[in-house]
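The values are calculated or read from the model by the stated rules, or taken from the named source; none is laboratory data. None of these values were measured; they are calculated from a predicted model. For neighbour counting, all protein chains shown are included, and Cβ atoms are generated from backbone atoms with ideal geometry for every residue, glycine included. The area values use the complete protein model at the heavy-atom level, side chains included, leaving out ligands, DNA and RNA. Shrake-Rupley method; radii C 1.70, N 1.55, O 1.52, S 1.80 Å.
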Amino acid sequence: MIDKDFDEKYRYDGKDLGVCCQQGRTVFKAWSPLAERVELRLYKEGTGGEACRAEEMHRKEKGIWEWEFPENLHGMYYDYLVRIDGKDTRTADPYAVGCSCNGSRSMVVELGKTDPEGFGEDTAPAMEGEQIIYELHIKDFSYDKDSGVPEPYRGKYKAFTLMGTNGKYPTCMEYLKSLGVTHVHLLPFFDYGSVDEAGDESQYNWGYDPVNFNVPEGSYATDAEDGLVRIRECKEMIQALHKNGLRVIMDVVYNHTYREDSWLQRMVPGYYYRYQADGSLSDGSACGNDIAAGRAMVDNYIAGSVMYWAREYHVDGFRFDLMGLLTVELMNRIRRELNAEFGEGEKMLYGEPWRADDSPMERGTQAALKENAGSLDNGIGFFSDDTRDAIKGHVFYEEEPGFVNGGRGMESLILHAVTGWRDGGASFRPRSCAQIINYVSAHDNFTLWDKLVLTLHNGESDFTRRYEDVLAANKLAAFIYFTCQGSLFMQAGEEFGRTKLGEDNSYCSRPELNMLKWGRTVEYAELVDYYRGLIRLRKKLPGLCDKSRSAAARIREKNICGERVVSFWVDNRDFDHSGGKWEELLIIYNGSFEGYTLELPEGQWEILADAREAGCCWGIPGGQKELLVKGQSGLLLGK
Ligand code: CA
């Protein structure tokens, strides 16, 4: 029954699904083509109590059901009773922009009334020459007592609005601001299902289990009962990040829902999910269901949701979970729509170019996988697992090392990673390095610190111990991806040796294991300073920041100098090739455990980064012919 004809017959391209509540009027619009009858029910409370009003909605064209009240119902809760094949099913509104505690009822919201003071004037900070993304979970940010955040705000949106909370050293927003990253990528903060919003603070989840796609999660609000609080506080968080010079990226999960029995499914059974030939749900997400991107109303839903967050919450970019389950056509459409409304490239777009398993795609669509990079818009980035694994080793085989932790035969891979795989070396070819997100750690898998401890101290791993070789390998790993072309991404705390004590999948571990331990920023201040230096330095190097299609041509004289030692030159002239501070760079990565003696080429060179410090600038005395590159370290020279 649900096929192309269904899409042609019922496709609705209007942007007014859900509730429109303005001044003295409230209009409800639901899309449910299979329904025989739809009843709208209004409540004063988010949970419990009887409906105070119930209305049978009018059937319109294209499977639309509508009801209009000549009054403003802002703050009322509602749900629908949908009759299909004679059976009534209760559902909340998948298009709702507000909801009750735990999201089982929707809420009528006049959005203008939820804006914090000054939100109308809120704008993103100016775009910098490089995108350096910091991946953060809202609860992790301030759950630690040492954050200094007062208890009612700990683990909440509100924690982002405070400065100077610790009193002794920078934590939370003050720290974030001092780091120099340009974007904060927040793990899912739409309403998800795995945390009981009425429960206690010891619960934890990453949040990759969407319930209400267009409503902020309630457990991060100071009050989950009043549906307006989460909206206002989420906006306050974004406003505060903007004020402190940071752009905000939202982690979005449009590839599956918390349960198959979702509002989408209750509204139009069988439409929003993919099924195998035998009628079972496809499971390319490894979460039990896959959303059927490629169908008209699924694509409209996803694109509309993205535009909603960009417009209403001023979100500056989106990270797509398991983007490989969505289609190239949909991703390109989202790119076009964001460009058209906000300006080209103004909103960042990137995702995971893979999926957990095969999924039966709609006929005529192409999966947004890495191997289809050439069909994806140049303004859609993806995580470079090739770069990640070449640097530190495979994510699933814990003992397998990469270039910085004892791996062998990685030299040429590392040199390909430098151009964002534009000069070959991988199973795909990006359109330009603008598509490449370089990274070595994210919320999934081991933290960088843990992976390095496991590989360098196999069999006697003590994650809490300070190992000098782990510290050196961590610095070198950062040095390498900070000198690769493409955008940069880091997991929060990577810069202070974040450990989860060897737990590689902490999605529902206790918050104490997941949280950022702020004391570690002092304990590993040297590492934090190193990252800070790399961030500062990177922004000054046009040869590496260049995202154009010809950027790879700036990398030349790639050389394997010996086992685990490579070097290359970078044409670092400004974008108009007019010169600039350092016209040429010479970069060496020494992944071996011994020192490497570099013969200095002709010219007046300065050291911009070495084993100890990054972002420095020391002249090399004239007449000096050699430089020692310590084991497990990088050297960056500028001329
Ligand atoms: Ca929730």
Q. What nm distance separates the two modelled labels at residue 371 and residue 8, each placed 7 Å from Cα along Cα→Cβ?
A. 3.2 nm
Q. Can you give the Rg to Rh ratio for segment 1-157, taking only C-alpha atoms and Rh from Kirkwood?
A. 1.08
Q.
I'd like to compare 620-631, 372-383: which one has the highest average count of other Cβ atoms within 10 Å, and what's the full order after that?
A. 372-383, 620-631
Q. How much of the accessible area of the chain, probe 1.4 Å, is carbon plus sulfur, in whole percent?
A. 46 percent
Q. Non-local amide H neighbours of residue 99 (under 5 Å, H modeled in plane, Pro and chain starts lacking H): which ones?
A. 107
Q: Would you work out which of 405, 359, 381 lies farthest towards the positive end of the dipole of segment 322-453, given +1 charges on the beta-carbon of Lys and Arg and -1 on that of Asp and Glu, about the Cα centre?
A: 381
Q: Place the peptides 558-565, 14-21, 320-327 in order of packing, highest mean first, counting for every residue the other Cβ atoms within 10 Å and averaging per peptide.
A: 320-327, 14-21, 558-565
Q) Considering amide H positions built from the backbone, and no H for Pro or chain starts, which residues 5 or more places from residue 555, or on another chain, come under 5 Å of its amide H? A) 571
Q) All other residues with a Cβ under 14 Å from the Cβ of residue 31 taken together, and with Lys, Arg as +1 and Asp, Glu as -1, what is their net charge? A) +2
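Based on DSSP H runs of at least 4 residues, each adding -39500 (n - 2.57), what is the mean residue ellipticity at 222 nm of the chain after dividing by all its residues, to the nearest 500 deg cm²/dmol?
-6000 deg cm²/dmol
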**Q.** Protection proxy ranking of 527-536, 407-416 - average other beta-carbon atoms within 10 Å, highest first
**A.** 527-536, 407-416
Q) Dividing the alpha-carbon Rg of the chain by 2.2 N^0.38 Å yields what? A) 1.01
**Q.** Share of Cα-Cα pairs in segment 247-316 lying beyond 16 Å, as whole percent
**A.** 52 percent
Q: Estimate the FRET efficiency between residue 505 and residue 559 by the formula 1/(1 + (r/R0)^6), using the beta-carbon distance for r and 51 Å for R0, to the nearest 0.05.
A: 0.85
Q.
Quick check for me: using +1 on Lys/Arg Cβ and -1 on Asp/Glu Cβ, what's the dipole size of the chain about its Cα centre, in debye to the nearest 20?
A. 1060 debye
Q: Pull out the extension gain between residue 244 and residue 281, defined as 0.36 nm times the separation in residues minus the alpha carbon to alpha carbon distance; nm, one decimal.
A: 8.9 nm
Q.
If I model a spin label as a point 7 Å beyond the Cα along the Cα-Cβ vector, how far apart are those points for residue 399 and residue 549 in nm?
A. 4.7 nm
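Could you give the length gained on full extension between residue 200 and residue 127, defined as 0.36 nm per residue of separation minus the Cα-Cα distance, in nm?
That works out to 22.4 nm of additional length.
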Q. When the chain is fully extended, how far beyond the present Cα-Cα distance does residue 47 get from residue 624, taking 0.36 nm per residue of separation?
A. 200.1 nm
Q) Taking θ as phi - 60°, what are the ³J(HN,Hα) couplings along segment 542-549 by the Karplus curve (6.51, -1.76, 1.60), each to the nearest whole Hz, with x for Gly and Pro? A) x, x, 9, 7, 3, 10, 6, 5
Q: State in Å² the accessible area per residue of the chain; use a 1.4 Å probe, count heavy atoms of protein chains only, and round to the nearest integer.
A: 37 Å²
Q.
Can you tally the net charge around residue 337? Count Lys and Arg as +1, Asp and Glu as -1, for every other residue whose Cβ sits under 14 Å from the Cβ of residue 337.
A. -1
Q | Backbone N under 18 Å from the residue 356 label point (7 Å along Cα→Cβ), restricted to segment 428-458 | A | 443-446
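Using a cut-off of 11 Å between beta-carbons, work out the net charge of the residues near residue 256 (Lys and Arg +1, Asp and Glu -1, residue 256 not included).
The answer is -2.
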Q.
Between residue 363 and residue 341, what is the label-point separation in nm under the 7 Å Cα-to-beta-carbon projection?
A. 3.3 nm
